[in-house]
1. For the protein assembly as shown, build the charge dipole from Cβ charges (+1 Lys, Arg; -1 Asp, Glu) around the Cα centre, then report which of A:Ile468, A:Ala105, A:Leu487 sits farthest towards its positive end.
2. Under the Karplus relation 6.51 cos²θ - 1.76 cosθ + 1.60, θ = phi - 60°, what is the ordered set of whole-Hz ³J(HN,Hα) values for region B:203-212, x standing for Gly and Pro?
3. Suppose only helical runs count, i.e. DSSP H with n ≥ 4. What mean residue ellipticity at 222 nm does that imply for the protein assembly as shown under -39500 (n - 2.57) per run, divided by all residues and rounded to the nearest 500 deg cm²/dmol?
4. Which GluC sites (Glu not before Pro) in region A:487-557 sit in a loop by DSSP (not H, G, I, E or B) and have at most 14 other Cβ atoms within 10 Å of their own Cβ?
5. Please calculate how many Å² of accessible area chain B carries per residue, with a 1.4 Å probe and no DNA, RNA or ligand atoms counted.
6. Please compute the modelled spin-label separation between A:Thr593 and A:Thr263, points set 7 Å along Cα→Cβ, answer in nm with one decimal.
7. Whenever you get a sec, line up A:Ser492, A:Ser78 from highest to lowest accessible area (probe 1.4 Å, protein heavy atoms).
8. May I ask for the net charge around B:Asp250, where only other residues with Cβ less than 14 Å from the Cβ of B:Asp250 are counted and Lys, Arg are +1 while Asp, Glu are -1?
Amino acid sequence: MEFGTSITPANGGDPVGLARRSEELGFDLVTFQDHPYQPRFHDTWTLLAWVAGQTERVRLAGNVLNLPLRDPALLARSAASLDLLSGGRLELALGAGGFWDAIEAMGGPRREPRAAVEATDEAIDIIRGLHHAGDPTPFRSEGTHYRVPNAQRGPLPAHHIPIWLGALGPRMLRLIGRKADGWLPSLGRVGVDGLRAGNKLIDEAAVAAGRDPADIRRLVNVTPDVPLEVLQTLEADTLILYTDDVSEMERFAREVMPVLRATNRRPTRPSWARAKRRPGIDYDGVPRSADAVEPGDIDFPRLKSTYLRGGNPGIILRPRTTAEVVEALAFARRHRTVPLGIRSGGHGVSGRSTNDGGIVLSVARLNHIEVVGDRRVRVGPGARWSDIARTLAPHGWALTSGDYGGVGVGGLTTAGGVGWFARKHGLTLDHLRSAEVVLASGQVVRVDAAHDAELFWAIRGAGANFGIVTDFEFDVDEVGDVGFGQLAVDASDPAGLLERFGAAVEAAPRELTASLIMGPPRRGAYASILAVVDSDDPETIVSLLEPLAEIAPLVDQRVVLTPYAGLMATDGNSHHDGQGEPAGRSGLIEHLTPAFTADAEELLRSGAVHFFQLRSVGGAVADVDPMATAYANRSANFSVTALGLSQRRVDAAWDRLHHHFQGTYLNFDTDRRPERLHDAWPPEHLTRLRDLKRRYDPDGVFRDNFYLGDDR
Amino acid sequence: MTDYGHDLQFGVFVTPAAQPAHHAVDLAVTADRAGLDLVTFQDHPYQPHFHDTWTLLSYAASRTSRVHVSGNVLNLPLRQPAVLARAAASLDLLSGGRFELGIGAGGFWDAIAAMGGRRLSPGQSVRALEEAITIFREIWNPAERGGVRVEGEFYQVRGAKRGPAPAHDIPIWLGAYKPRMLRLIGRKADGWLPSLGYLPGGPAELAPLNAEIDEAAAGAGRSPSAIRRLLNVGGQFSAQAQGFLNGPPDQWAEDLAGLTLEHGVSTFILAGDDAATIERYAAEVAPATRELVAAAR
Ligand SMILES: Cc1cc2nc3c(=O)[nH]c(=O)nc-3n(C[C@H](O)[C@H](O)[C@H](O)COP(=O)(O)OP(=O)(O)OC[C@H]3O[C@@H](n4cnc5c(N)ncnc54)[C@H](O)[C@@H]3O)c2cc1C
């Protein structure tokens, strides 16, 4: 059962404050009546959009929108927009009109009852038709009341926007049964018996139209004076409390909502959506706070996959707070037969943050970024590096992260963080001062050097095995504008090029951090070198980049002075639609010796990999005692990564290089053979981690990324 | 040489792209934080790649705190004037007086008709707009007695209640290029909002068009300075001066100050969707232009 408020949109009152209060009190829905002819009221559509900007989770609807004064085609577009802007929080409740004198005075039409039903019927088709943006053909409708000769469909809303009708007459009720997604009358108008009779009429019409009556939501406006005993008997799925009195809202939230929520568990999803559920998941037991997305939900396609990996999970849980993470994890823990993926930014390579038929626990919404002191920030796991860079820039600060701003904090920090200031300032996890972790048991701990120091050690390099980090506290560095060089160099001699690149980078001062990307050798192939110089002095920048420009004939170059935030800027909002499985391997290496570069050239020639990258580590990364964190292989100067299409082929080719490496940077390695654990961690680390794993996650709840539970 | 002496304002013209859904809002927030005066969005309700501009304006105003918002320009033919008037008053009240009404007579009649809107000839559309302006002003004026009555050729309002009064005097700016519209501005509007890119003769073309407005204003007994001159401009920052609004910020400032001093343009609305450019425009171009104009005035 769900609950809403109906707030008077009085422009002399405080409807915005009441809406916010409704949200705080845990109501699911905030609604406003709509009387565009009434000057003491706000325009309801404008108010809805305004309130969407002032709230975060509560859903919004008119109660009900005045159709005669709101053109359905325009309303369809506005609704899709507001749904997109609000993150899928708009619902449409329409009314056929009343107060015809006032409507006519505004320039609207006057409609007799039968015409009003007809117009509503047409409007539903128009709204649905325009929302059906997947259909490339134009939308056409030639009705008696509305003509839409040839409109392009779209925009696609963020979720399936239901259309509820506020109605009383039998003709309207039959229309609801035939077409609408819900009925929204006022109890004061229909009465308890009328509600029952109306529901029956709707059910009959639904069955006659071949629909499941359960797909039609029953909402009802109630005043605060209706006693709980009566509310308990109402045939309704959503109760909307009609009041502007905050104390009544509070009382309702405290006394009525918990009682009714506990007793009334009618499914909230229509039958066709429930049909897409996967076996082994207790869908009816999902905590409400998880704001779950199921395969039949409209947002599912945008959430099922990650940046690099196609997925088809059975359910996606989307908590917003640590307490909600605990609840979601408790739910997940009850499901030992299906996979569990933890997702932050969704850029996992080694981390299976999506899966097939399992649970995804996404902490993407824990994305706070807060400056809490001098060069001190706290960020949520779902924050993106681009946003962090942008927030820090005005302070003259930056936190080394990676080379792509769309990546999330959760996965990157818990494993390493090889970024543009690696040589100057170390790994991202070297900047971590404390973290809040939800453990497998559901316990929440704040760990730092003095509290649960062993855990603090473990989450810096093997975090995915030990819990869900819900907050990271970092020390950040003073960073001004930086030099950014993009060089394209001839790659006809891959081995020689790699060797000279290695020598040049090792010889360079720590201000320089560089990466090199190349593909299979072809005639005219070039390698792309990207390098950041942590200096805003053009001469220093050029002098540090020059040796790199000399390692092979230069094809192209571009050097700019830019804020770090400029390097990280991306459009992080778009959804991910990775397909298939990435096949990647990684190695950490000290020097690019002739023996290694010759083998690397072989690898490139094998055709097994299409992407080959080296990134600088070393420098400040190597200053840290290897025993200080679970991230261990600190003497390496380079992190080497390859991506291919087939794991088998990539493995076969990469295994021939294996002896050159002292370990792997696990974040880039998708190989699931157990010996990879020995690459990620040397023996002493591994023993310690396995002990800790037995202590903190004995049942192996966290197993989506370099799972430490198998003792091989 | 006409400078109408208005204070200078700087705004942006952001694409109301529906995807990524927050693209336009994020840039509005950038403009707000950067201290710009105005954020504007074009309005093409028949274009599904764009947000509904009214919804976007309301949401963007809700997410910002100082910057004013306006359509650039709103599409009248697909919006009902009496409802729009109250919506405008609402948004102005909710935002604490940050709404401005940029509106146009319509264009793209095929697309409007495809949505079920009424197809009007250019002359009709100007008359329709004039009726709508009357309706807006009447609705916003609760002091007057009796209901609003407009028996127009295109719009009929028969006794609708007046009000609410907006939080501030919402100026009505019209996008216009042709004589009939320019004369309507002179008679009735508070501002003229063309795009420099649509003036084939470049800035020089502002002079005769301004004169047309001024003449109509005088004819209606209004002072030409009652009408603000706004302008949509495009530009690019580059290290060396390469042309009009293509160079370093001080060159921009000189170009814009020239438009103020010679043609009386007082609101410069920069088209573009790049946050860094918007920030630079606010931080470097706006103050420098204000200084140049203040010095010359
Ligand atoms: C385009 C691209 C560029 C990259 N560039 C770099 C780079 O320059 N430097 C670098 O170091 N890495 C880089 N990476 C690798 C990246 O750091 C990892 O893939 C990382 O896991 C992504 O983090 P995420 O939160 O986005 O991923 P998600 O897919 O959300 O998570 C991946 C895994 O991390 C674990 N995890 C996620 N959130 C949490 C949490 N809150 N608590 C505990 N464990 C968690 C889980 O095991 C999960 O399966 C890049 C990846 C991509 C796709």
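1. A:Ala105
2. Karplus-based 3J(HN,Hα) across region B:203-212 equals x, 4, 6, 5, 4, x, 5, 4, 4, 4 Hz.
3. Working: 35 runs with 353 residues, N = 1009.
Helices in the protein assembly as shown give a 222 nm mean residue ellipticity of -10500 deg cm²/dmol.
4. On the way: sites: A:Glu499, A:Glu506, A:Glu511, A:Glu539, A:Glu550; in loops: A:Glu511, A:Glu550.
Here the GluC sites (Glu not before Pro) that fit, given the DSSP loop and packing criteria, are A:Glu550.
5. Numbers: 11150 Å² over 297 residues.
Counting only protein heavy atoms, the per-residue value for chain B is 38 Å².
6. 7.7
7. Working: A:Ser492 80, A:Ser78 10 Å².
Of A:Ser492, A:Ser78, the descending order of accessible area is A:Ser492, A:Ser78.
8. On the way: positive: B:Arg280, B:Arg290; negative: B:Glu254, B:Asp255, B:Glu284, B:Glu291.
Once all neighbours under 14 Å are counted, the net charge is -2.
The values are calculated or read from the model by the stated rules, or taken from the named source; none is laboratory data. Note that this is a predicted model, so its numbers are computed, not measured. Cβ sites come from the backbone with ideal geometry, for glycine too, and all protein chains shown count toward neighbours. All accessible areas refer to the heavy atoms of the entire protein, side chains included, with ligands and DNA or RNA removed. Shrake-Rupley method; radii C 1.70, N 1.55, O 1.52, S 1.80 Å.
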